[in-house]
Structures are given as C-alpha cells and as structure tokens.
Ligand SMILES: O=C(O)CCC(=O)C(=O)O
C-alpha cells in the first residue's frame, strides 16, 4: 500500500539545507515508495530511453544512466504525482509551488571504478534562480566503498558557477568560457568541509543545485549502488538555454527568462494531474 503521507521535515533539516546546501533526511521515504522506485528503475534499465547509456564506456563494470523517466514510465510519473517528495521540495525551497525539472537514474554495478567528477548541477540544467534543489534517493545500502556522494558543505553560497564536467571521459572538455573552470577539489580537500552520508533505503539526501559534489566508484563486488536523482525548481526559477549539456527530450517552447512551468517542466506541488507529454 502506497501512502501519500510521510513525516514532516524538521526545522533542523530545513536549517541544514539552507546553511550547508545538503542534508540527509533519515528514514524519510516509506518502504512502499522505495520498492516502487526499484521496480521503476528495473523497468527503465530493461527499456531505456534514447538518452539511456552505460557511462563506464570501455572501462570495467557498468554505470547506467537515464533521464526524463517520468515522461515514458508510469511508475516514475506516479512517484511525482503521489509521493511526498514534491512537497518536500516546496518546503525546503520556501516556495509556494514546485516544478519538476528532471529525474535521472545513476546505477553503479559492483566492481565499477568509474567515478563522477566534482561538479555542481545547475550549470548543466536549464534553470536560473535560487530556489533549486535535488533529492538523491538510494535504493541500496550505500557507503563510501560502494560510491556514496561526497559534498562540499556551504559551496552553494560561494556565488560561483563552474563549467560542467562530463561523467564520461572527454565529454564537455570543449565547454565554452561562459562559466569558471572548475578547480581540482581533490587536491584541495583539506581546505573544504567535505561530508558524505552512509545511507539505507528510506534515507533521502537533499541538496541545493549549486552544492559541489562528486562520487567514487563502486569498489564492492557484492552490492549494487542504485540511486534516483530528482531536480526541482521553485517560484523564482526561469528557463535558461545552456550552450552545451544534456537536453530535454524536446524543446520546451520557452525563451530564456520565461517562467519555468510547462509540460516538460510541470508543476508537481500543489498537486496537478500529471500527464505524459506524449512524445515517447
Ligand atoms: O549518483 C552519483 O554517483 C552522482 C549523482 C550526482 O552527481 C547528482 O545527482 O548530481
């Protein structure tokens, strides 16, 4: 039985999101929703979209990725229409409304050394504004050995935007100089407040889209690292066409500066009837 109810976010969680740019919401997502996401993820791995791929490339292991899954998979659409997560987005963003920007899956199979480089998400996405967040939802026990994401606390407040890095070697190496070159944060680790969270299914990590993060590979031989990431926008967010990077499955029909809401970036809080956009 899936419940649309869940616990409220606490004042301490909201404060941590505002100040640190990242917070782990412990035991937040009811088991039924975790199982629905596992089923939905397996369905998409078996029936990927045109954007679905293995980002490990020629390296060993398998790092599966897909995006905009709500547009072609009924279970991911149901998650947006009925789960507690869209309301959490509005709460953390201090926004009356929440819009769905994109959902994605990141699955590091056992023995997958492929790491995700340091980056923050907003320069990859089609959104300007401050009310932007993401939820990283683990579907397995996750530790640093299996690829837990590491975060630089407070980096969402630096006022800096760095060029996107490809999750596959060489990708976006020719990104034009519209954003700053990203520093080598690995060599600067001692200068930053870096955290990760060991998580269990039911825990959910919320982060601001300017919070810097990366993840190591999955060095375990006996445990998958399945995760769903979902990005949301609030009231102050406007569409921004980026010069390079991942694209929505079709042109959303917006100009840079337009308010974000449309059928590709639908309102999900307060709840609306969520339709499949009908292009898959
Ligand atoms: O799942 C991962 O390893 C990386 C996730 C990530 O970078 C993101 O959600 O922005």
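Values for this structure:
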| read-out | value |
| --- | --- |
| The stretch 115-128 residues that are touching a residue at least 40 places away in the same chain (Cβ under 8 Å), paired with ones that are within 8 Å of the ligand (Cβ to nearest atom) and assigned to a loop (DSSP other than H, G, I, E, B) (beta carbon under 7 Å, 6 or more apart) | 116/167 |
| Meets criteria (surrounded by fewer than 18 Cβ atoms within 10 Å (Cβ to Cβ) and out of contact with any strand residue (DSSP E or B) (no Cβ under 8 Å at 6 or more places or on another chain)) for residue 246 | no |
| The stretch 178-194, residues that are free of Cβ contacts under 8 Å to residues at least 24 places away in the same chain and in a helix (DSSP H, G or I) | 187, 188, 189, 190, 191 |
| Positions within the stretch 144-167 being in a loop (DSSP other than H, G, I, E, B) and within 13 Å of the ligand (Cβ to nearest atom), in sequence order | 147, 148, 149, 164, 165, 166, 167 |
| Unmet criterion (only one of (1) surrounded by fewer than 22 Cβ atoms within 10 Å (Cβ to Cβ); (2) under 10 Å from residue 269 (Cβ atoms)) for residue 85 | (1) |
| Matching option when the condition is within 16 Å of the ligand (Cβ to nearest atom), within 24 Å of residue 152 (Cβ to Cβ) and either touching a strand residue (DSSP E or B) at 6+ places or on another chain (Cβ under 9 Å) or not in a helix (DSSP H, G or I) (or both), among 110, 123 | 123 |
| Near pairs, Cβ below 6 angstrom, 6+ apart or cross-chain, from the stretch 82-102 (under 16 Å from residue 69 (Cα atoms)) to any residue that is part of a strand (DSSP E or B) and at pLDDT below 95 | none |
| Single residue of 58, 81, 98 found to be away from the ligand (no atom under 15 Å from the Cβ), touching a strand residue (DSSP E or B) at 6+ places or on another chain (Cβ under 8 Å) and farther than 24 Å from residue 247 by Cβ | 81 |
| Elements of type strands (runs of 3 or more DSSP E) in the stretch 196-274, at least 2 residues being away from the ligand (no atom under 14 Å from the Cβ) and in contact (Cβ under 8 Å) with a residue 40 or more places away in the chain | 267-269 |
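The values are calculated or read from the model by the stated rules, or taken from the named source; none is laboratory data. Computed from a predicted model, the values in this text were never measured in an experiment. Ideal geometry is used to build each Cβ from the backbone, glycine not excepted, and the neighbour counts take in all protein chains shown.
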